[in-house]
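Report on one structure; see the data block that follows.
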Amino acid sequence: MIKVLKIIGFVLLGIVLGSIVNMGIIMVSGKIIPPPEGADVTTMEGLKASIHRFEPKHFLFPFLAHALGTLVGSGFVSRFVTSHALLSSFVVGIFFLIGGTINILMLPSPLWFIALDLVGAYLPMSYLGWLVFQKKE
């Protein structure tokens, strides 16, 4: 029972850590690649109203935020969970995949970005996080 609670705790910490990385990248993205002229990216309504003006370069940091947040969260879990590390890593990835899906439903994006984001940012990064950061015994 203690082992299960530890795994759950590390998964929750991985989700929190991945979310911090995700939000950190999103927060700096506008300073590196400024939004289109006149676009209000501070609210969901503003994003919805101006998303049609975004170029592919404006989707780089959201993709990196999703991918690196998942990678860091899954990598953290894989480093500290010894039994069921791969499953725990994928639990983090599935959490972020669900969040990404909800985000896409709320904020219409180009089809190419939806496909790239849902296929490339979550489960592959969970697997990579496990692969790179798993504790070798």
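The values are calculated or read from the model by the stated rules, or taken from the named source; none is laboratory data. Computed from a predicted model, the values in this text were never measured in an experiment. In case anyone asks, the SASA skips ligands and DNA or RNA and just uses the protein heavy atoms, side chains included. Shrake-Rupley method; radii C 1.70, N 1.55, O 1.52, S 1.80 Å.
If I fit a long axis through the Cα atoms of helix 85-106 and take the longest principal axis of the Cα atoms of the chain, what angle between them do I get, 0 to 90°, rounded to 10?
For 85-106 against the chain, the angle is about 20 degrees.
Per residue of the chain, what 222 nm ellipticity follows from adding -39500 (n - 2.57) for every DSSP H run with n ≥ 4, rounded to the nearest 500?
That calculation yields -25000 deg cm²/dmol at 222 nm.
What number comes out for accessible area per residue over the stretch 49-137 if the probe is 1.4 Å? Units Å², please.
So the stretch 49-137 comes to 53 Å² accessible per residue, rounded to a whole number.
Whenever you get a sec, compute what percent of the accessible area on the stretch 15-99 sits on carbon and sulfur atoms (1.4 Å probe).
72
Please give the solvent-accessible surface of M27 in Å², to the nearest 10, using a probe radius of 1.4 Å with every protein chain present.
130
Once Rh is set to the Kirkwood radius over Cα pairs, what Stokes-Einstein translational diffusion coefficient, in µm²/s, holds for the stretch 10-51 at a temperature of 20 °C and a viscosity of 1.002 mPa s? Mind dumping the intermediate values first?
Working: Rh = 11.8 Å.
So the translational diffusion coefficient is about 181 µm²/s.
Take a quick pass over the chain and tell me how many lysine pairs come in under 29 angstrom between Cα atoms, counting only ones 8 or more apart or on separate chains.
Values: K3/K135; K3/K136; K6/K135; K6/K136; K31/K48; K31/K57; K48/K57.
Here the count comes out as 7.
Could you tell me whether the stretch 1-77 comes out rounded, prolate or oblate from its Cα gyration tensor? Rule is a ≥ b ≥ c as square roots of the eigenvalues, rounded for a/c under 1.5, then prolate if a/b exceeds b/c, otherwise oblate.
prolate
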